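What follows is a single structure, written as C-alpha cells, with notes after it.
The values are calculated or read from the model by the stated rules, or taken from the named source; none is laboratory data. In this text, all values refer to a predicted model and were calculated from it rather than measured experimentally. Every residue, glycine as well, gets a Cβ built from its backbone with ideal geometry; the counts of neighbours run over all protein chains shown. Side chains are part of the model used for accessible areas, which takes the heavy atoms of the whole protein and leaves out ligands, DNA and RNA. Shrake-Rupley method; radii C 1.70, N 1.55, O 1.52, S 1.80 Å.
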Amino acid sequence: MKDYVDRAQEQWRDVNPDLVTDTAALAGRIQRVAQHLQVSTDAVLLRHGISRAEFDLLSLLHRTGRPMSPSELAADLMTSGAGTTKRIRKLVAAGLALREANPLDGRGALVRMSEGAPDFLLPVLAAVAAHEAQVMSSLTDQDRELLAGHLRVLLIAFEIDAVAGEGPAPLS
C-alpha cells in the first residue's frame, strides 16, 4: 500500500528523475502524520470547548505546578509573545488562569492556573490521551518505543540548534 509521500516521490521522479527525495520522504511523513494528529486532536479539544493553544498553555502550567511568566510560557510553547498574551487573556476571561504581578519584578507578571482549572483540564487530558492511544494503536509497543527513540534524537538535535541560536523562529 502506498501513502501520500510515496505518490509524491513517484511524481517527482516523473518530472525530475535526478532529484533525491529520501530525506524529504522522511520529513514529509513526519509533517503529514503531525498534521493528521493535530487535526484529529483539535476536534477532541473543540468538543471540550478549548483550543489547542489554550490547552497547551494550561497543560504547561498544570504540569510545572508553578506560576510562570508570559515569556517563559512563550519560550516553552514556541509561540510569539503576542500569541501567548492572547492565549493568556482568553484563559483569564474563561476563569481558568490568573495573571498577577510578579513579586520579584514589579514590571512583570506571572500566570497561574485558577483553583477550578484542574477540574476542567483533567477530563480534557483524559480524552486527548484516549484519542492518542487509539491513533497509535496500529503500532506495536516495540514499534512505539523505537519510533519515540528515533524522534527523540531528532528533536534533541533541533533543540540543541535552537539553544545555539540556529533554530527556527518562534511559532505564532
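Filtered by the rule that a residue be surrounded by 14 or more Cβ atoms within 10 Å (Cβ to Cβ), closer than 24 Å to Ser138 by Cβ and of a type in the set (S, T, N, Q), the range 1-39 gives a lone residue, Gln9. For the range 140-156, state whether one or more residues are open to solvent by 90 Å² or more (accessible area, probe 1.4 Å), in a helix (DSSP H, G or I), among the basic types (Lys, Arg) and more than 21 Å from Leu61 (Cα to Cα). Yes, some residue in the range 140-156 is open to solvent by 90 Å² or more (accessible area, probe 1.4 Å), in a helix (DSSP H, G or I), among the basic types (Lys, Arg) and more than 21 Å from Leu61 (Cα to Cα). Of the residues making up the range 112-133, those that are small (Gly, Ala, Ser) and in contact with a helix residue (DSSP H, G or I) (Cβ under 7 Å, 6 or more places away or on another chain) are Ala117, Ala127. Taken over the range 118-139, the criterion of being closer than 24 Å to Leu58 by Cβ, open to solvent by less than 70 Å² (accessible area, probe 1.4 Å) and over 20 Å from the mean Cα position of the chain (by Cα) is satisfied by no residue.
Residues of the range 76-99 that are open to solvent by less than 70 Å² (accessible area, probe 1.4 Å) and either under 18 Å from the mean Cα position of the chain (by Cα) or of a type in the set (Asp, Glu) (or both): Leu77, Thr79, Ser80, Gly81, Gly83, Thr84, Thr85, Arg87, Ile88, Leu91. Search the range 40-56 for residues being touching a residue at least 40 places away in the same chain (Cβ under 8 Å) and not charged (D, E, K, R), and hand back the single one that is most open to solvent (accessible area, probe 1.4 Å). Residue satisfying both the conditions and the ranking: His48.
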